[in-house]
Amino acid sequence: MKKIIVLTSGGDAPGMNAAIRAVVRTGRYYGLEVYGSKSGYQGLVEQAIFALEPKSVANCIQHGGTILKADRCVSFYEKSTRDQCRAFLTKEKIDGLVVIGGNGTFRGAALLHEEGGPAVIGIPGTIDNDIQGTDYTIGFDTARNTALEAIDKIRDTASSHNHNFLVEVMGRSSGFLAVDVGVAGGAEIILTPEYTLSIEDLAKKLTLQKRHKLSSIIVVAEANEPGRSIKIAEQLKQLTDLQYRVCILGHTQRGGSPTTLDRVLASQMGFLAVKSLLAGTTSQMVVMQNGQMSVAPFPDPNMPSRTVTDNSLIEMNDILCL
Ligand code: F6P
(Lines give C-alpha, C1' and ligand atoms only; values in the text may rest on other atoms or scores of the structure.)
Protein backbone atom coordinates (compact mmCIF):
# COMPACT_ATOMS: atom_id res chain seq x y z
CA MET A 1 0.00 0.00 0.00
CA LYS A 2 1.69 3.17 -1.20
CA LYS A 3 -0.89 5.52 -2.64
CA ILE A 4 -4.41 6.14 -1.34
CA ILE A 5 -7.31 8.44 -2.16
CA VAL A 6 -9.85 9.80 0.31
CA LEU A 7 -13.26 11.11 -0.77
CA THR A 8 -16.55 12.26 0.75
CA SER A 9 -19.72 11.30 -1.09
CA GLY A 10 -23.50 11.66 -0.72
CA GLY A 11 -24.94 14.22 1.70
CA ASP A 12 -22.31 15.93 3.82
CA ALA A 13 -22.26 15.52 7.60
CA PRO A 14 -20.53 17.52 10.33
CA GLY A 15 -17.38 15.69 11.39
CA MET A 16 -16.36 14.62 7.89
CA ASN A 17 -13.43 17.06 8.05
CA ALA A 18 -12.18 15.46 11.25
CA ALA A 19 -12.24 12.07 9.47
CA ILE A 20 -10.41 13.45 6.41
CA ARG A 21 -7.79 15.00 8.68
CA ALA A 22 -7.27 11.69 10.47
CA VAL A 23 -6.96 9.77 7.19
CA VAL A 24 -4.43 12.23 5.76
CA ARG A 25 -2.29 12.50 8.87
CA THR A 26 -2.34 8.76 9.64
CA GLY A 27 -1.55 7.95 6.02
CA ARG A 28 1.34 10.40 5.86
CA TYR A 29 2.65 9.20 9.25
CA TYR A 30 2.91 5.69 7.80
CA GLY A 31 4.62 6.95 4.65
CA LEU A 32 1.66 6.75 2.25
CA GLU A 33 1.03 9.23 -0.53
CA VAL A 34 -2.47 10.58 0.17
CA TYR A 35 -4.72 12.20 -2.44
CA GLY A 36 -8.15 13.79 -2.23
CA SER A 37 -10.84 13.34 -4.86
CA LYS A 38 -12.95 16.44 -5.53
CA SER A 39 -16.70 16.05 -4.91
CA GLY A 40 -16.72 12.34 -4.16
CA TYR A 41 -16.78 9.86 -7.04
CA GLN A 42 -17.21 12.78 -9.45
CA GLY A 43 -13.51 13.55 -8.87
CA LEU A 44 -12.61 10.07 -10.15
CA VAL A 45 -14.83 10.56 -13.19
CA GLU A 46 -13.22 13.92 -13.95
CA GLN A 47 -9.74 12.77 -12.87
CA ALA A 48 -9.71 15.61 -10.35
CA ILE A 49 -7.44 14.35 -7.59
CA PHE A 50 -4.86 16.34 -5.66
CA ALA A 51 -2.11 15.57 -3.14
CA LEU A 52 -2.89 16.10 0.53
CA GLU A 53 -0.23 16.83 3.13
CA PRO A 54 -0.62 17.18 6.90
CA LYS A 55 -0.81 20.94 6.47
CA SER A 56 -3.59 20.62 3.87
CA VAL A 57 -5.93 19.57 6.69
CA ALA A 58 -4.89 22.21 9.23
CA ASN A 59 -7.75 24.16 10.83
CA CYS A 60 -10.55 22.06 9.42
CA ILE A 61 -11.46 19.87 12.40
CA GLN A 62 -13.83 22.48 13.82
CA HIS A 63 -15.74 23.13 10.60
CA GLY A 64 -18.89 21.49 9.25
CA GLY A 65 -19.20 20.51 5.59
CA THR A 66 -16.34 18.80 3.81
CA ILE A 67 -13.17 20.43 2.51
CA LEU A 68 -13.14 17.81 -0.29
CA LYS A 69 -16.71 18.71 -1.33
CA ALA A 70 -19.37 16.05 -1.77
CA ASP A 71 -21.76 14.98 -4.49
CA ARG A 72 -24.31 12.29 -5.19
CA CYS A 73 -22.64 10.90 -8.34
CA VAL A 74 -25.51 9.00 -9.97
CA SER A 75 -23.41 7.94 -12.97
CA PHE A 76 -21.16 5.88 -10.66
CA TYR A 77 -24.01 3.33 -10.49
CA GLU A 78 -23.26 2.58 -14.16
CA LYS A 79 -20.57 -0.03 -14.81
CA SER A 80 -19.15 1.91 -17.76
CA THR A 81 -18.42 4.87 -15.45
CA ARG A 82 -16.80 2.62 -12.86
CA ASP A 83 -14.70 0.96 -15.59
CA GLN A 84 -13.47 4.37 -16.67
CA CYS A 85 -12.64 5.30 -13.05
CA ARG A 86 -10.90 1.97 -12.46
CA ALA A 87 -8.68 2.55 -15.49
CA PHE A 88 -7.78 5.97 -14.12
CA LEU A 89 -6.97 4.54 -10.67
CA THR A 90 -4.80 1.83 -12.24
CA LYS A 91 -2.94 4.41 -14.32
CA GLU A 92 -2.33 6.50 -11.18
CA LYS A 93 -1.20 3.36 -9.28
CA ILE A 94 -3.76 3.91 -6.51
CA ASP A 95 -3.72 1.02 -4.03
CA GLY A 96 -6.48 2.07 -1.66
CA LEU A 97 -9.59 4.20 -1.43
CA VAL A 98 -11.13 5.58 1.77
CA VAL A 99 -14.76 6.54 1.16
CA ILE A 100 -16.66 8.61 3.69
CA GLY A 101 -20.44 8.59 3.24
CA GLY A 102 -23.60 6.55 3.50
CA ASN A 103 -25.24 3.49 1.97
CA GLY A 104 -24.94 4.62 -1.68
CA THR A 105 -21.29 5.54 -1.19
CA PHE A 106 -20.48 2.08 0.17
CA ARG A 107 -22.40 0.34 -2.61
CA GLY A 108 -20.26 2.16 -5.19
CA ALA A 109 -17.01 1.31 -3.37
CA ALA A 110 -17.90 -2.37 -3.02
CA LEU A 111 -18.67 -2.63 -6.75
CA LEU A 112 -15.46 -0.82 -7.71
CA HIS A 113 -13.40 -3.32 -5.72
CA GLU A 114 -15.36 -6.39 -6.91
CA GLU A 115 -14.75 -5.35 -10.51
CA GLY A 116 -10.97 -5.29 -10.00
CA GLY A 117 -10.42 -1.86 -8.44
CA PRO A 118 -8.18 -0.99 -5.49
CA ALA A 119 -8.78 -1.97 -1.85
CA VAL A 120 -11.65 0.04 -0.38
CA ILE A 121 -12.62 0.95 3.15
CA GLY A 122 -15.66 2.94 4.30
CA ILE A 123 -16.21 5.43 7.07
CA PRO A 124 -19.92 5.89 7.91
CA GLY A 125 -20.90 9.54 7.58
CA THR A 126 -24.54 10.67 7.45
CA ILE A 127 -26.73 12.63 9.82
CA ASP A 128 -29.45 9.97 9.44
CA ASN A 129 -27.50 7.27 11.37
CA ASP A 130 -29.12 4.75 9.03
CA ILE A 131 -26.28 2.39 8.05
CA GLN A 132 -26.76 -1.30 8.87
CA GLY A 133 -23.97 -2.77 10.97
CA THR A 134 -22.95 0.34 12.91
CA ASP A 135 -24.66 1.97 15.87
CA TYR A 136 -23.22 5.34 14.93
CA THR A 137 -22.50 7.47 11.88
CA ILE A 138 -20.50 10.69 11.81
CA GLY A 139 -22.70 13.80 11.92
CA PHE A 140 -25.65 12.34 13.80
CA ASP A 141 -24.74 13.89 17.16
CA THR A 142 -24.17 17.35 15.71
CA ALA A 143 -27.42 17.21 13.73
CA ARG A 144 -29.49 16.19 16.75
CA ASN A 145 -27.95 18.96 18.84
CA THR A 146 -28.60 21.52 16.11
CA ALA A 147 -32.23 20.41 15.87
CA LEU A 148 -32.64 20.38 19.63
CA GLU A 149 -31.31 23.90 19.95
CA ALA A 150 -33.90 25.02 17.39
CA ILE A 151 -36.70 23.23 19.23
CA ASP A 152 -35.74 24.87 22.51
CA LYS A 153 -35.96 28.25 20.80
CA ILE A 154 -39.29 27.42 19.20
CA ARG A 155 -40.59 26.35 22.61
CA ASP A 156 -39.82 29.80 24.03
CA THR A 157 -42.01 31.56 21.51
CA ALA A 158 -44.61 28.76 21.46
CA SER A 159 -45.11 29.09 25.19
CA SER A 160 -45.21 32.91 25.13
CA HIS A 161 -48.02 32.85 22.58
CA ASN A 162 -49.76 29.57 23.47
CA HIS A 163 -48.97 28.24 20.02
CA ASN A 164 -48.71 24.69 18.71
CA PHE A 165 -45.83 23.76 16.39
CA LEU A 166 -44.95 21.03 13.96
CA VAL A 167 -41.15 20.90 13.73
CA GLU A 168 -39.84 18.93 10.76
CA VAL A 169 -36.44 17.30 11.04
CA MET A 170 -34.42 15.32 8.48
CA GLY A 171 -34.39 11.54 8.21
CA ARG A 172 -35.31 9.95 4.89
CA SER A 173 -36.06 6.38 5.90
CA SER A 174 -34.95 6.34 9.52
CA GLY A 175 -36.29 8.23 12.50
CA PHE A 176 -33.24 8.19 14.78
CA LEU A 177 -32.91 11.96 14.60
CA ALA A 178 -36.63 12.58 15.19
CA VAL A 179 -36.79 10.20 18.16
CA ASP A 180 -33.81 11.65 20.03
CA VAL A 181 -34.75 15.23 19.31
CA GLY A 182 -38.40 14.57 20.18
CA VAL A 183 -37.62 12.99 23.54
CA ALA A 184 -34.93 15.54 24.45
CA GLY A 185 -37.10 18.44 23.27
CA GLY A 186 -40.20 17.32 25.19
CA ALA A 187 -42.31 16.80 22.06
CA GLU A 188 -45.94 15.78 22.49
CA ILE A 189 -45.81 13.42 19.52
CA ILE A 190 -42.96 12.02 17.41
CA LEU A 191 -43.68 10.92 13.83
CA THR A 192 -40.94 8.96 12.10
CA PRO A 193 -40.78 7.17 8.74
CA GLU A 194 -41.13 3.86 10.63
CA TYR A 195 -43.73 4.98 13.17
CA THR A 196 -46.53 6.39 11.11
CA LEU A 197 -49.98 7.37 12.28
CA SER A 198 -52.82 8.01 9.89
CA ILE A 199 -53.90 11.63 10.00
CA GLU A 200 -57.20 10.53 11.54
CA ASP A 201 -55.41 8.64 14.33
CA LEU A 202 -53.11 11.57 14.92
CA ALA A 203 -56.11 13.90 15.20
CA LYS A 204 -57.82 11.46 17.58
CA LYS A 205 -54.71 11.20 19.73
CA LEU A 206 -54.40 14.97 19.98
CA THR A 207 -58.03 15.46 20.94
CA LEU A 208 -58.26 12.48 23.29
CA GLN A 209 -55.11 13.34 25.17
CA LYS A 210 -55.89 15.30 28.33
CA ARG A 211 -54.90 18.62 26.84
CA HIS A 212 -53.82 20.74 29.74
CA LYS A 213 -51.14 22.06 27.38
CA LEU A 214 -51.33 25.65 26.25
CA SER A 215 -48.60 25.08 23.70
CA SER A 216 -47.10 21.96 22.19
CA ILE A 217 -44.57 20.58 19.75
CA ILE A 218 -44.90 17.65 17.36
CA VAL A 219 -41.64 16.44 15.82
CA VAL A 220 -42.03 15.06 12.29
CA ALA A 221 -39.29 13.31 10.32
CA GLU A 222 -39.38 14.52 6.71
CA ALA A 223 -39.28 10.90 5.42
CA ASN A 224 -39.40 10.83 1.63
CA GLU A 225 -41.58 13.93 1.45
CA PRO A 226 -39.65 16.98 2.69
CA GLY A 227 -42.14 19.68 3.67
CA ARG A 228 -44.87 17.16 4.53
CA SER A 229 -45.56 18.92 7.83
CA ILE A 230 -47.30 21.75 5.95
CA LYS A 231 -49.91 19.29 4.69
CA ILE A 232 -50.20 17.68 8.12
CA ALA A 233 -50.89 21.11 9.68
CA GLU A 234 -53.65 21.80 7.14
CA GLN A 235 -55.25 18.41 7.73
CA LEU A 236 -55.09 18.82 11.51
CA LYS A 237 -56.78 22.19 11.25
CA GLN A 238 -59.66 20.62 9.35
CA LEU A 239 -60.00 17.60 11.62
CA THR A 240 -59.41 19.13 15.06
CA ASP A 241 -59.61 22.89 14.65
CA LEU A 242 -56.21 23.03 16.35
CA GLN A 243 -53.87 25.42 14.63
CA TYR A 244 -50.27 24.31 14.08
CA ARG A 245 -47.46 26.56 12.97
CA VAL A 246 -44.78 24.80 10.94
CA CYS A 247 -41.01 25.07 11.18
CA ILE A 248 -38.93 23.00 8.75
CA LEU A 249 -35.34 22.74 9.98
CA GLY A 250 -34.06 21.27 6.70
CA HIS A 251 -30.42 21.63 5.79
CA THR A 252 -29.52 23.66 8.90
CA GLN A 253 -29.13 20.20 10.45
CA ARG A 254 -26.43 19.21 7.97
CA GLY A 255 -24.11 22.13 8.78
CA GLY A 256 -22.38 23.68 11.74
CA SER A 257 -19.37 23.01 13.87
CA PRO A 258 -19.22 19.31 14.82
CA THR A 259 -19.75 18.32 18.45
CA THR A 260 -16.99 16.80 20.57
CA LEU A 261 -18.48 13.34 20.04
CA ASP A 262 -18.50 13.68 16.26
CA ARG A 263 -14.92 14.98 16.18
CA VAL A 264 -13.59 12.23 18.43
CA LEU A 265 -15.41 9.39 16.66
CA ALA A 266 -14.53 10.75 13.21
CA SER A 267 -10.86 10.98 14.22
CA GLN A 268 -10.88 7.40 15.53
CA MET A 269 -12.68 6.16 12.42
CA GLY A 270 -10.23 7.86 10.05
CA PHE A 271 -7.26 6.49 12.01
CA LEU A 272 -8.65 2.94 12.03
CA ALA A 273 -9.59 3.09 8.33
CA VAL A 274 -5.98 3.72 7.31
CA LYS A 275 -4.56 1.20 9.77
CA SER A 276 -7.00 -1.39 8.36
CA LEU A 277 -6.00 -0.67 4.76
CA LEU A 278 -2.36 -1.10 5.78
CA ALA A 279 -3.26 -4.41 7.39
CA GLY A 280 -4.71 -5.64 4.09
CA THR A 281 -8.40 -5.12 4.80
CA THR A 282 -10.75 -4.40 1.90
CA SER A 283 -14.50 -4.01 1.30
CA GLN A 284 -15.13 -3.30 4.94
CA MET A 285 -16.31 -0.27 6.87
CA VAL A 286 -15.33 1.09 10.24
CA VAL A 287 -18.16 0.47 12.70
CA MET A 288 -19.14 1.27 16.24
CA GLN A 289 -20.91 -1.66 17.87
CA ASN A 290 -21.81 -1.67 21.57
CA GLY A 291 -19.28 1.08 22.20
CA GLN A 292 -16.44 -0.78 20.45
CA MET A 293 -14.86 0.39 17.23
CA SER A 294 -13.83 -2.23 14.69
CA VAL A 295 -14.25 -3.07 11.00
CA ALA A 296 -17.08 -5.10 9.49
CA PRO A 297 -18.28 -5.94 5.96
CA PHE A 298 -20.19 -3.33 4.02
CA PRO A 299 -23.97 -3.65 4.49
CA ASP A 300 -25.71 -6.07 2.15
CA PRO A 301 -26.88 -3.81 -0.73
CA ASN A 302 -30.17 -5.73 -0.82
CA MET A 303 -30.96 -4.87 2.79
CA PRO A 304 -32.93 -1.72 3.58
CA SER A 305 -31.29 1.10 5.56
CA ARG A 306 -31.06 0.72 9.33
CA THR A 307 -34.28 1.88 10.94
CA VAL A 308 -35.67 2.40 14.42
CA THR A 309 -36.98 -1.05 15.36
CA ASP A 310 -37.29 -0.46 19.07
CA ASN A 311 -40.28 1.79 19.84
CA SER A 312 -39.59 1.98 23.56
CA LEU A 313 -38.40 5.60 23.46
CA ILE A 314 -41.56 6.66 21.61
CA GLU A 315 -43.74 4.71 24.05
CA MET A 316 -41.93 6.31 26.98
CA ASN A 317 -42.38 9.70 25.38
CA ASP A 318 -46.14 9.13 25.11
CA ILE A 319 -46.20 9.03 28.93
CA LEU A 320 -43.60 11.71 29.66
CA CYS A 321 -45.31 14.25 27.43
CA LEU A 322 -48.67 14.11 29.25
O1 F6P B 1 -27.79 13.01 4.14
C2 F6P B 1 -29.00 12.54 4.57
C3 F6P B 1 -30.08 13.54 4.24
O4 F6P B 1 -29.79 14.77 4.86
C5 F6P B 1 -31.46 13.06 4.56
O6 F6P B 1 -31.85 13.26 5.89
C7 F6P B 1 -32.29 13.88 3.60
O8 F6P B 1 -33.50 13.19 3.29
C9 F6P B 1 -31.42 13.98 2.38
O10 F6P B 1 -30.10 13.77 2.83
C11 F6P B 1 -31.49 15.30 1.66
O12 F6P B 1 -30.64 15.24 0.57
P13 F6P B 1 -30.34 16.46 -0.42
O14 F6P B 1 -29.54 17.47 0.33
O15 F6P B 1 -29.57 15.85 -1.52
O16 F6P B 1 -31.67 16.99 -0.80
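So in the stretch 127-171, with the set limited to residues that are at positive phi and of a type in the set (S, T, N, Q), which one is most open to solvent (accessible area, probe 1.4 Å)?
Filtering the stretch 127-171 for residues that are at positive phi and of a type in the set (S, T, N, Q), the one most open to solvent (accessible area, probe 1.4 Å) comes out as ASN162.
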List pairs: first residue in the stretch 102-118 and farther than 21 Å from PHE140 by Cα and in contact (Cβ under 8 Å) with a residue 60 or more places away in the chain, second residue assigned to a loop (DSSP other than H, G, I, E, B) and within 14 Å of the ligand (Cβ to nearest atom) anywhere in the structure, Cβ distance under 9 angstrom, at least six positions apart or on different chains.
GLY108/SER9; GLY108/GLY40; GLY108/CYS73; ALA109/SER9
Within the stretch 181-202, how many residues are over 17 Å from ASP152 (Cβ atoms), buried (at least 18 other Cβ atoms within 10 Å of the Cβ) and among the hydrophobic types (A, V, I, L, M, F, W, C)?
3
Look at VAL99 and say whether it is buried (at least 24 other Cβ atoms within 10 Å of the Cβ) and either of a type in the set (Gly, Ala, Ser) or within 16 Å of the ligand (Cβ to nearest atom) (or both).
yes
Please go through the stretch 10-27 and give me each residue that is open to solvent by 10 Å² or more (accessible area, probe 1.4 Å) and either under 14 Å from the mean Cα position of the chain (by Cα) or within 16 Å of the ligand (Cβ to nearest atom) (or both), ordered by number.
GLY10, GLY11, ASP12
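Evaluate the following for ILE131: is it touching a residue at least 24 places away in the same chain (Cβ under 8 Å) and assigned to a strand (DSSP E or B)?
Working: touching a residue at least 24 places away in the same chain (Cβ under 8 Å): yes; assigned to a strand (DSSP E or B): no.
No: the conditions fail for ILE131.
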State all residues of the stretch 80-96 that are open to solvent by 20 Å² or more (accessible area, probe 1.4 Å) and hydrophobic (A, V, I, L, M, F, W, C); if no residue qualifies, say none.
ALA87
Output the number of the condition that SER39 fails; it satisfies all remaining conditions of (1) more than 16 Å from the ligand (Cβ to nearest atom); (2) of a type in the set (S, T, N, Q); (3) open to solvent by less than 90 Å² (accessible area, probe 1.4 Å).
(1)
Which residue is nearest to THR66 (Cα to Cα), if the candidates are limited to the stretch 117-126 and must be within 16 Å of the ligand (Cβ to nearest atom) and open to solvent by less than 10 Å² (accessible area, probe 1.4 Å)?
GLY125
So which residues in the stretch 127-162 are under 16 Å from ARG306 (Cβ atoms) and more than 16 Å from the ligand (Cβ to nearest atom)?
GLY133, ASP135
Every residue in the stretch 223-240 that is at pLDDT 95 or above and more than 16 Å from the ligand (Cβ to nearest atom), please.
ILE230, LYS231, ILE232, ALA233, GLU234, GLN235, LEU236, LYS237, GLN238, LEU239
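The values are calculated or read from the model by the stated rules, or taken from the named source; none is laboratory data. All values derive from a computational prediction rather than experimental measurement. Positions of Cβ are backbone-derived with ideal geometry, glycine not excepted, and every protein chain shown enters the neighbour counts. For accessibility, only protein heavy atoms count, side chains too; no ligands or nucleic acids. Shrake-Rupley method; radii C 1.70, N 1.55, O 1.52, S 1.80 Å.
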